[in-house]
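Undergrad: Have a look at this one.
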Amino acid sequence: MNEFEDNGERRRRSDAPPLITELIDEATVQGIAEEAWSALVGDEEFLVPLPGGLPDDAVSSWVEIVGPWNGAVVLTTGRSTAEELARCLLAEHAPPVLDDEDVEDALGELANVVGGNVKAVLPGPSVLGLPEVGTAPEPGLPADICRVDLLWRGQSLTITVQGSARVLDEQKNEVPL
């Protein structure tokens, strides 16, 4: 078969994109997060799968994934937990007082590593966006969300692999030919 032959594996415009819940489960997301924490945070304290509720001062970092599935991998935690994570990532290079940029860089790096590993288990070629920090992007369909609520050092941390609201908007606005 040559490269221009249609083997039927491409998605057509009329095909519904896959839901993340068809592609990945909570145990896989938690395993990816644990590997990232072990490698980057170097902490003996593991992530515990317990919902803890996010604090009012929650901060998020995320990376978008574009491919057969479109969405984002979002990490959300409280500001003090984000600072503690930044200290762990910076280790002996951590300044006495962390500035916002240090915290944002650390959270972005965690989102990048977790997102990259999520991308690796998804089917087909995908592209990983650059990490962002701020107010998390709006999720798409409720069925297109895989959420893991964890505790790290007794503090809440949520990892959400969520479909893109943009894809949902595009589907609503799509006009059949």
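Undergrad: Hey, what did the range 24-177 get for relative contact order, percent, Cα under 8 Å, at least 6 apart? Let's see the in-between values first.
TA: Values: 282 pairs, mean separation 52.0, N = 154.
Computed value for the range 24-177: 34 percent relative contact order.
Undergrad: May I pose another question? Kindly identify the range 18-64 as rounded, prolate or oblate by the Cα gyration tensor criterion: order the square roots of the eigenvalues as a ≥ b ≥ c, call it rounded if a/c is under 1.5, otherwise compare a/b with b/c, prolate if a/b is larger, else oblate.
TA: oblate
Undergrad: Going by how many other Cβ atoms sit within 10 Å of their own, how do C146, C88 line up, fewest first?
TA: Least crowded to most crowded, the residues run C88, C146.
No lab work stands behind these numbers, since they all come straight from the coordinates. Every value quoted in this text rests on a predicted model; they were computed, and no experiment measured them. Cβ sites come from the backbone with ideal geometry, for glycine too, and all protein chains shown count toward neighbours.
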